[in-house]
Amino acid sequence: MKSKKILMLAASALLLASCGGGGGGRPSFGDNEYPVLEVGTSSASSQVTYPASIKGVQDVQISPKVSGFITQINVKEGQSVSAGQVLFVIDNATYQAQVRQMQAAVNTAQAACNTSKLSYENSQKLYENKVIGDFELQSATNAYESAKAQLAQAQAGLASAKETLSFCYVKSPASGVVGTLPLKVGALVNTASVLTTVSNISQMEVYFSMTEKDALAMSKSGDGLQALPAVKLQLADGTIYGHDGKVTKMSGVIDQATGSVQMIAVFPNPERLLKSGGSGAIVIPSENSSAIVIPQACVMEVQNKKFDYTLGKDNKVVYTEIKVAPQDDGKNYVVTDGLKVGDKYITNGITKLSDQMEIVPITPERYQQKIQEQAKAMSAGDIVNAMKK
């Protein structure tokens, strides 16, 4: 039993020594000494994340130009297709009949035109021999011109019928990947029907919105989009996408409802891991070579505001509000306002302080030394007392 108490006291002494550096507790030295550190600058890296949506560089909805029943579906969902490849076939029996009809009209008009041409050429010879007059020659000329016009009209009708027939073969306008296929063979479609979507996913555009304040700060840098570093994409499962992206576009209009500016970053997609319509988060890293970084243990949080104790005149502490960057590493804060280089702040025991309280400032090294001395003294005395019980 005594050995257990000894071990417990020894563990307590070690715990005190290890926790002496924390901001919440402080051993009682009896001399009102607190460790003080001068504010300096150091390098700090941070990152800002923005919710994002993923789209293909080109997402094209495929709709037929004619009405009819689907007779063939030549692709599968997720299949890669090239520009001009036939995706669907619409029932074309009616349109083929129209082509044949127009071809017959062209043949008839061609025959009539040939006849008119012979008549015209014959009338010219008769006119030269003064067999017929001007009226007869002009009548033959007009008939020939009318026949040529009718032939041209029939040929235009044939071309239109062939083009309409070609619409029955729905082709991909661009290279990409086929999306969902909501309709099956036999379905009746019209020009308002969406057969599928073809997405060019060799590169992906990731849409996100940046706050007006951040966009303004970026614009003031002078380089605009060129000032932004390569960005990363956090996928829906929390992992980071293996390729960096580049912000290429920024909207010139601020959304008044949200106070944000839409941005577009482009990411390569060689493995086709990214899918159009997906979601994620854009991660923009930043480096600050002159940041003010202090331990979180030195900071108190009250009603979502952060405070620390700085050393004022006559060694009196001042309860000071500070502002920090929204991102942190879990151990330190990057102070953006409330502290400047040369200020001195209390690093430990802040829960025992109050505004304008007078202290004896010591160095953090001396503070740790006193903790170790006190821990050794406490453990020796407590062990003796425990053994007497």
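The values are calculated or read from the model by the stated rules, or taken from the named source; none is laboratory data. Treat the numbers as computed from the prediction; the structure is a model and nothing was measured. Positions of Cβ are backbone-derived with ideal geometry, glycine not excepted, and every protein chain shown enters the neighbour counts. Note: accessible area is taken over every heavy atom of the protein model, side chains too, but ligands, DNA and RNA are not part of it. Shrake-Rupley method; radii C 1.70, N 1.55, O 1.52, S 1.80 Å.
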Of all residues in the stretch 332-360, count the ones that are open to solvent by less than 50 Å² (accessible area, probe 1.4 Å) and not polar (S, T, N, Q). 14
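How many residues does the stretch 195-214 contain that are within 12 Å of the chain's Cα centre (by Cα) and of a type outside the set (F, W, Y)?
Quick first cut of the stretch 195-214, residues within 12 Å of the chain's Cα centre (by Cα) only: 204-210.
Adding the requirement that they be of a type outside the set (F, W, Y) leaves 204-206, 209-210.
Going through the stretch 195-214 one residue at a time, the tally reaches 5.
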I'm told V170 meets every condition in (1) closer than 30 Å to S276 by Cβ; (2) part of a helix (DSSP H, G or I) except one. Can you identify the failing condition by its number? (2)
Please tell me if L273 is touching a Gly at 6+ places or on another chain (Cβ under 9 Å) and surrounded by fewer than 15 Cβ atoms within 10 Å (Cβ to Cβ). yes
Any residue that is at pLDDT below 90 and either more than 19 Å from S80 (Cα to Cα) or not in a helix (DSSP H, G or I) (or both) - is there at least one of those in the stretch 191-200? yes
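Identify, from the list T141, T94, the residue that is closer than 30 Å to V75 by Cβ and either of a type outside the set (D, E) or in a helix (DSSP H, G or I) (or both). It would help to see each step written out before you state the result.
Working: T141 fails: closer than 30 Å to V75 by Cβ.
Every option except T94 fails the conditions.
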Give me the pairs, please: first residue somewhere in the stretch 31-55 and closer than 26 Å to V341 by Cα, second residue anywhere and at pLDDT 85 or above and of a type in the set (D, E), beta-carbon distance under 9 Å, and either six or more positions apart or on two chains. N32/E358; P35/E365; E38/D343; V39/D343
Filter the stretch 82-99 down to the residues that are surrounded by 13 or more Cβ atoms within 10 Å (Cβ to Cβ) and under 12 Å from V170 (Cα atoms) and list them by number. Q85, V86, L87, F88, V89, I90, D91, N92
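Here's the yes/no breakdown for (1) assigned to a strand (DSSP E or B); (2) in contact (Cβ under 8 Å) with a residue 40 or more places away in the chain:
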{"residue": "I70", "(1), (2)": "yes, yes"}
{"residue": "K76", "(1), (2)": "no, yes"}
{"residue": "A83", "(1), (2)": "no, yes"}
{"residue": "Q103", "(1), (2)": "no, yes"}
{"residue": "N107", "(1), (2)": "no, no"}
{"residue": "A111", "(1), (2)": "no, no"}
{"residue": "K117", "(1), (2)": "no, no"}
{"residue": "E136", "(1), (2)": "no, no"}
Pairs, please: C-beta under 7 Å, at least 6 apart or cross-chain, first residue assigned to a helix (DSSP H, G or I) and in the stretch 360-384, second surrounded by 12 or more Cβ atoms within 10 Å (Cβ to Cβ) and modelled with pLDDT of 85 or more? P364/P35; P364/L37; P364/T347; Y367/P35; Y367/N348
When F267 is run through (1) in a loop (DSSP other than H, G, I, E, B); (2) under 12 Å from the mean Cα position of the chain (by Cα), the failure sits at (1)
Filtered residue count, the stretch 229-261, keeping only those that are open to solvent by 60 Å² or more (accessible area, probe 1.4 Å), in contact with a strand residue (DSSP E or B) (Cβ under 6 Å, 6 or more places away or on another chain) and among the hydroxyl-bearing types (S, T, Y): 1
Does S175 count as open to solvent by less than 30 Å² (accessible area, probe 1.4 Å) and touching a Ser or Thr at 6+ places or on another chain (Cβ under 9 Å)? no
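Select the strands (runs of 3 or more DSSP E) contained entirely in the stretch 270-339, then report the ones holding at least 3 residues which are of a type in the set (V, I, T) and either more than 30 Å from T196 (Cα to Cα) or over 33 Å from the mean Cα position of the chain (by Cα) (or both).
Numbers: elements: 279-295, 300-302, 305-311, 317-324, 332-337.
Strands (runs of 3 or more DSSP E) meeting the threshold: 279-295, 317-324, 332-337.
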